[in-house]
Amino acid sequence: MKLNYKRTFFIGLAFLSISAFWQMYDNIIPLMLQNTFGLGETLTGALMAADNVLALFLLPIFGALSDKVETGFGKRMPFIVGGTVLAVILMLILPAADKSVNLVLFIGALFALLVSMGLYRSPAVALMPDLTPNKLRSKGNAVINLMGAVGGVYTLIMIKLLVGKGDRPDYTPLFVSVAALMAIAVGILVITINEKKVKEKVAAEVREYEEKEGVVTMNEDVEEQADERGKHAMPPEVKRSMIFLLASIFFWFMAYNAVTTAFSRYTKVVWHLEGGGFADCLMVATVAAIISYIPIGNIASKVGRKKTIMGGVVLMSLCYFAAIFAGAYHPVINIAFALIGIAWAAINVNSYPMIVEMSKGCDIGKFTGTYYTFSMTAQIFTPVLSGFLLEKVSYRTLFPYAMVFSVLAFLTMTQVQHGDARPDKKKSLLENFDVDD
């Protein structure tokens with residue numbers, strides 16, 4: 001069977017819209033909270049962590065609801081369309097509240113907006129595996145990740161072009177541009193993808209392929225029973241490695257998310273960058289990560305996942321250390337951010353597969369959930385903790401803070417002794433973009 005790239009591209013438009021939004025949220029909302037409403041770093045960090053707190057509750061709930069709901073438009077599409085419509089409307093309230101300095105309206109609209117995004121985030125991600133044959137989901141996920149990267153880069157370009165100089169620029173053009181992208185992307189998705197018909201068509205394609213190839217499909221109930229019989233307790237030495245790997249995941253998310261959340265403010269205060277100039281560095285990091293997926297996959301197939309991850313952590317730590325001494329923006333800084341993007345890709349491409357490798361024969365689903373719990377918990381705590389240091393000590397604590405947590409991640413990774421299988425060489429270039437982040 002071959003992946004229907006055209007169909008997968010249209011399915012990926014939902015993820016593109018989500019990624020475009022979160023890129024704007026992480027970079028612009030902190031500037032509004034501080035420069036317009038005068039909130040301190042600690043409180044700003046706490047509010048910026050709210051999306052991850054809500055996600056811990058909303059994503060499983062709406063994901064499960066979309067599994068059970070059945071409408072004429074399908075299972076996922078009502079959540080995707082409803083969530084997008086609400087999000088687009090609520091987004092446009094934020095710049096208005098910012099211009100009128102109405103904190104109550106801003107916080108109320110922001111909270112409702114985060115709930116709206118939570119409404120369709122899980123259903124949007126679940127749409128691809130729903131409408132893609134099992135054996136082709138790796139390639140499908142690669143397409144989805146590339147679409148998400150395009151959405152993020154679009155927002156960074158809009159920030160650079162549309163955000164003016166000064167402490168309180170008019171953010172309305174930026175919000176309108178991102179809202180327009182979200183509405184257009186999901187509109188095209190609705191026009192091109194009839195969820196129920198596509199699902200039936202895919203099922204028919206799979207049956208036709210299996211009949212042609214003489215494949216015998218195991219009954220799902222029998223398959224689940226076989227899986228349950230195959231599960232057993234994780235050996236103590238493997239569990240020890242799992243604990244240290246989860247600690248590493250927590251530490252590198254503490255480092256990386258602190259920088260991404262505070263970077264737009266840091267560049268204004270320390271490097272004196274005006275408007276959307278900070279977007280250049282983030283764009284370089286994103287593009288570098290995308291370009292590096294394929295080489296990183298090849299490196300991991302030769303030296304193993306653990307060494308590739310540790311190399312990424314070392315590279316990221318060195319870049320954070322170098323950034324400590326940058327008192328003003330210089331084009332050379334873009335090289336450091338390109339290296340950070342490569343390092344982050346090296347970490348993310350290999351960390352989740354190590355979790356899966358260690359949990360084989362146990363409960364992969366359980367430990368997949370644990371992986372996301374640790375990464376998301378770090379993203380809840382780090383904006384608050386790093387924000388407290390920025391406010392009470394100095395903005396220059398940001399990169400030392402990130403470096404310390406990166407070093408801690410390296411130390412805990414040295415204790416991981418399992419799950420270090422060398423991945424097979426990818427069958428196609430596209431599969432190198434299949435990342436769980």
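All of the numbers you see were taken from the coordinates with simple rules; none came from a lab. Please read all numbers here as calculations on a predicted model, not as lab measurements. Backbone-built Cβ (ideal geometry, glycine too); neighbour counts: all protein chains shown.
One Cα centroid belongs to region 58-91, the other to region 339-360; the line between them spans 30 Å.
Relative to the compact-globule scaling 2.2 N^0.38 Å, provide the ratio for the alpha-carbon radius of gyration of region 1-118. Scaled against compact globular proteins, the figure is 1.23.
Given their separation in residues at 0.36 nm each and the Cα-Cα distance between them, Val176 and Phe321 gain 48.5 nm when the chain is fully extended. Each residue in Ile291, Ile191 was given a count of other beta-carbon atoms within 10 angstrom of its own, and listing them fewest first yields Ile191, Ile291. Here region 1-217 is assigned +1 on the Cβ of each Lys and Arg and -1 on the Cβ of each Asp and Glu. Its dipole about the Cα centre then comes out at about 500 debye. Gain in length, Ile243 to Met1, computed as 0.36 nm per residue apart minus the alpha-carbon separation, to one decimal in nm? Using 0.36 nm per residue and subtracting the Cα-Cα distance, I get 83.2 nm.
The label-point distance for Glu274 and Lys160, in a model that sets each label 7 Å from Cα toward Cβ, rounds to 1.8 nm. Normalised by residue number, the volume inside the convex hull of the Cα atoms of region 57-179 is 118 Å³ per residue. Across region 14-23, computed HN-Hα scalar couplings (Karplus, 6.51 cos²θ - 1.76 cosθ + 1.60, θ = phi - 60°) run 5, 5, 4, 5, 5, 5, 4, 5, 5, 5 Hz from first to last residue, x flagging Gly and Pro. Treat region 235-437 as a sphere of radius equal to its Kirkwood radius over Cα pairs and apply Stokes-Einstein at 20 °C in a medium of 1.002 mPa s; give the translational diffusion coefficient in µm²/s, rounded to a whole number. It diffuses with D of about 123 µm²/s by this estimate. Here, region 154-214 yields an orientationally averaged convex hull projection of 6.5 nm² when only Cα atoms define the hull. Rounded to whole numbers, the Karplus 3J(HN,Hα) couplings from phi for region 308-314 are 5, 4, 5, x, x, 5, 4 Hz, using 6.51 cos²θ - 1.76 cosθ + 1.60 with θ = phi - 60°, and x at Gly and Pro.
Restricting things to Cα coordinates, could you compute the convex hull volume per residue of region 229-319 in Å³?
With only Cα atoms used, region 229-319 gives 151 Å³ per residue.
Other residues within the sphere of radius under 12 Å centred on the Cβ of Leu131, judged by their own Cβ, net out at +4 (K and R +1, D and E -1). Among residues other than Leu105 whose Cβ falls under 13 Å from its Cβ, what is the net charge (Lys/Arg +1, Asp/Glu -1)? Net charge in that neighbourhood comes out at 0. One quarter of the convex hull surface built on the alpha carbon atoms of region 1-217 amounts to 12.6 nm², the projected area averaged over directions.
Under a Gaussian network description of the chain, with springs only between Cα atoms under 10 Å, the residue in Tyr209, Tyr320, Tyr371 that fluctuates furthest is Tyr209. Across region 247-268, the residues whose backbone nitrogen lies under 20 Å from the label position 7 Å along the beta-carbon direction of Asn35 are 259-268. The Cα-based radius of gyration and maximum Cα-Cα distance (Dmax) for the chain are 22.0, 68 Å. Taking each residue as 0.36 nm, the span from Ser394 to Leu56 lengthens on full extension beyond its C-alpha to C-alpha distance by 118.6 nm.
Round to the nearest 0.05 the FRET efficiency obtained for Ala183 and Glu208 when R0 = 35 Å and r is the Cβ-Cβ distance. That gives a FRET efficiency of 0.45.
Per-residue 3J(HN,Hα) values for region 372-379, derived from phi via the Karplus relation 6.51 cos²θ - 1.76 cosθ + 1.60 with θ = phi - 60°, read 6, 5, 5, 5, 6, 4, 4, 6 Hz in sequence order (x marks Gly and Pro).
Helical runs (DSSP H, four residues minimum) scored at -39500 (n - 2.57) apiece and divided by the length of the chain put the mean residue ellipticity at 222 nm at -26500 deg cm²/dmol.
Rounded to the nearest 0.05, the FRET efficiency derived from the C-beta distance between Val101 and His330 at R0 = 51 Å is 0.90.
Here the residues Trp252, Trp271, ranked from fewest to most Cβ neighbours within 10 Å of their Cβ, fall in the order Trp271, Trp252.
Largest mean-square fluctuation among Lys306, Lys196, Lys212, in a Gaussian network model of the chain whose springs join Cα atoms under 10 Å apart, belongs to Lys212.
Among Leu161, Leu282, Leu131, which one moves the most in a GNM of the chain with springs linking Cα atoms closer than 10 Å? Taking springs between Cα atoms under 10 Å, the residue moving most is Leu161.
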